[in-house]
Every structure is written in C-alpha cells, then in structure tokens.
Amino acid sequence: MRPVALRQQIGQPPVVCTVRGTDRYDRALGICQDATGTDLNGWLVAYRRYSTTSVPKEDQAKTAKSGIWADEFVPPWNWRCGDRLD
C-alpha cells in the first residue's frame, strides 16, 4: 500500500474517531471512520495486540496477498520489537 492510499480512501474529511480506552502508555485506543462510515481501522488493519476486531480482515488480506501482504514486510508487532528486513 502506498502512503497516499489512506488519503485517497478518506477522501474529504471529516474522520470521526471514537476512543474506547487507553494502552499502558496512556495513548488513546479507538475506532476511526471516514465520512462514508468505512471502518478505517479495519481498512488499515489495526494492531492486533490491542484489538482483535480486524483480525478477520487481516486474514482475508493475507490470503488474497493484498495490501501489505502483497510483498515482503515486517509485521508491525515484530517491527515494534526491533525486527527489520535485511
């Protein structure tokens, strides 16, 4: 997915985010929707450590080899642990 993909998906603002809690660093955790009601977390596939809501969408993308699954990458949960591609 190219960096402009999210901008194109959102189109025109507003984006509405509903905070559903905080993580251990007191960062807000929530769900964001674009003006059409599209779940942007699901579209991006949110970090599964904090929410499993988008796991089925992630699994679909992985099976279809779409989005980030179309190429080699370090999953976010591994990247946060310091793993990098050589």
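Numbers for the structure displayed
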{"item": "Carbon plus sulfur fraction of accessible area for the chain, probe 1.4 Å, in percent", "result": "52 percent"}
{"item": "The chain - Cys residues lacking any other Cys C-beta under 4.7 Å", "result": "Cys81"}
{"item": "Normalised per residue, the volume of the convex hull around the Cα set of the chain (Å³)", "result": "114 Å³"}
{"item": "Length gained when the stretch Lys62-Val15 is fully extended (0.36 nm per residue, less Cα-Cα span)", "result": "14.3 nm"}
{"item": "Using θ = phi - 60° and Karplus 6.51 cos²θ - 1.76 cosθ + 1.60, couplings along segment 35-41 (whole Hz; Gly, Pro as x)", "result": "4, 8, x, 5, 6, 5, 4"}
{"item": "Area accessible to solvent at Cys81, 1.4 Å probe radius, in Å²", "result": "110 Å²"}
{"item": "DSSP loop trypsin sites (Lys or Arg not before Pro) with at most 15 other Cβ within 10 Å: longest gap in the chain", "result": "1-23"}
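The values are calculated or read from the model by the stated rules, or taken from the named source; none is laboratory data. Just so it is clear, the model here is predicted, and its values are computed rather than measured. All Cβ positions, glycine included, derive from the backbone under ideal geometry; neighbour counts span all protein chains shown. Calculation scope for accessible area: heavy atoms of the full protein, side chains included, ligands and nucleic acids excluded. Shrake-Rupley method; radii C 1.70, N 1.55, O 1.52, S 1.80 Å.
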